[in-house]
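Okay, so here's the structure we're looking at.
The values are calculated or read from the model by the stated rules, or taken from the named source; none is laboratory data. Remember, it's a predicted structure, so these values are computed and weren't measured experimentally. Quick reminder, even Gly has a Cβ in these numbers, built from the backbone with ideal geometry, and neighbours come from all protein chains shown. Accessible surface is based on the protein model in full, side chains and every heavy atom, while ligands, DNA and RNA are left aside. Shrake-Rupley method; radii C 1.70, N 1.55, O 1.52, S 1.80 Å.
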Amino acid sequence: MRTPLIAGNWKMNLLRDEARSLSEAIAATAKEADGVEVLLCPPFPLLDTVRRTIDAGPVALGAQNVHNEPSGAFTGEVSAAMLADTGCEYVIVGHSERRQYFGETDATVRHKANAALEAGLTPIICVGETLDEREDGSTPKVVERQISGALERLKPEDVRRIVIAYEPVWAIGTGKTATPETAQEVHALIRGWLKREYGGAIADTIRILYGGSMKPANAEELLAERDIDGGLVGGASLKADDFSAIIRAAL
Ligand code: PEP
């Protein structure tokens, strides 16, 4: 049985007071949502503020990015050990905004996932096709390439610990959501690929989240699909009521 994971990706939003009150509200919802794992991924400067607010409660903390090297002369970067030391358990890697605006490739994603695993963090590896790729029928090829590129050379015992987020690029921040059937089709394809590469026991353990304009109005039907094990939520995670409703939809 996979515990549903509802993760909020705050992106580059909020200041400390706002982060405090939003995470307080989410911590209160999470306390009433036994059986759902709730995760907040604020920007780096807010990690410690959120950690103090959710302290000892059921909400987990994650970051939105990490550097692949353990330390050194990489001005402006943050290592996986630093994130773990700040209280993070998770880190998002390969988000489409990182791929699009910061030139991250499948190899970058692999190195970051590896660094996260070595520091004891769970990487949430994001994959997903653009609108052009969906329209020309290459979604399966693109998603499989991204997953195999990210997992290549990882040990099966490490693969078991990852989370995958399927986020069609055309649905992120656009208000357009994949239908439950469209999302389930890709989730099933990802699980099928994992099964072929690593066997059923590992494939059945890995949580595959859906991301792309998830909101209270569509969360329940998306989360009802067999291979959708939670959500990676952007815009709606910035509103306490909306994110709380999505958490409840996963119950
Ligand atoms: C995201 O950025 O991961 C995301 C899914 O954003 P939104 O929910 O706003 O589409």
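Out of the residues in the stretch 168-181 meeting the condition of being exposed (fewer than 15 other Cβ atoms within 10 Å of the Cβ) and at pLDDT 95 or above, tell me which one is nearest to the ligand (Cβ to nearest atom).
Quick first cut of the stretch 168-181, residues exposed (fewer than 15 other Cβ atoms within 10 Å of the Cβ) only: 173-176, 179, 181.
Among the residues that remain, those that are also at pLDDT 95 or above are: 179, 181.
Values: T179: 15, E181: 19 Å.
Residue satisfying both the conditions and the ranking: T179.
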Hey, among the residues in the stretch 139-167 that are under 23 Å from R226 (Cα atoms) and part of a loop (DSSP other than H, G, I, E, B), which one's most open to solvent (accessible area, probe 1.4 Å)?
R160
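Within the stretch 187-202, is there a residue that is within 14 Å of the ligand (Cβ to nearest atom), in a helix (DSSP H, G or I), modelled with pLDDT of 95 or more and within 17 Å of the chain's Cα centre (by Cα)? If you could, list the steps in order and put the result at the bottom.
Initial filter on the stretch 187-202 (within 14 Å of the ligand (Cβ to nearest atom)): none.
Within the stretch 187-202, not a single residue is within 14 Å of the ligand (Cβ to nearest atom), in a helix (DSSP H, G or I), modelled with pLDDT of 95 or more and within 17 Å of the chain's Cα centre (by Cα).
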Filtering the stretch 38-52 down to residues that are crowded, with 20+ Cβ neighbours inside 10 Å and either touching a Ser or Thr at 6+ places or on another chain (Cβ under 7 Å) or over 20 Å from G234 (Cβ atoms) (or both) yields L40, L47, V50
Identify the residue in the stretch 121-132 that is open to solvent by less than 50 Å² (accessible area, probe 1.4 Å) and touching a helix residue (DSSP H, G or I) at 6+ places or on another chain (Cβ under 6 Å) and, among all such residues, is farthest from T177 (Cα to Cα).
L121
Please find, among R51, R20, the residue that is basic (K, R), in a helix (DSSP H, G or I), more than 20 Å from Y210 (Cα to Cα) and in contact with a helix residue (DSSP H, G or I) (Cβ under 6 Å, 6 or more places away or on another chain).
R20
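Report the residue count in the stretch 212-227 for those that are open to solvent by 50 Å² or more (accessible area, probe 1.4 Å) and of a type outside the set (D, E).
Kept after step one, since they are open to solvent by 50 Å² or more (accessible area, probe 1.4 Å), are these residues of the stretch 212-227: 215-217, 220-221, 224, 226.
Add one more test, that the residue is of a type outside the set (D, E), and what stays is 215-217, 224, 226.
So the answer is 5.
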Conditions (1) surrounded by 18 or more Cβ atoms within 10 Å (Cβ to Cβ); (2) more than 13 Å from the chain's Cα centre (by Cα); (3) within 16 Å of the ligand (Cβ to nearest atom): number failed by Y101
(1)
Just one of (1) farther than 21 Å from G199 by Cα; (2) open to solvent by 30 Å² or more (accessible area, probe 1.4 Å) trips up A116, so point out which.
(2)
Enumeration of residues in the stretch 154-163 that are within 15 Å of the ligand (Cβ to nearest atom) and either out of contact with any Leu (no Cβ under 7 Å at 6 or more places or on another chain) or not β-branched (V, I, T) (or both):
none
Residues in the stretch 228-235: is at least one part of a helix (DSSP H, G or I), within 16 Å of the ligand (Cβ to nearest atom) and either open to solvent by 20 Å² or more (accessible area, probe 1.4 Å) or not hydrophobic (A, V, I, L, M, F, W, C) (or both)?
yes
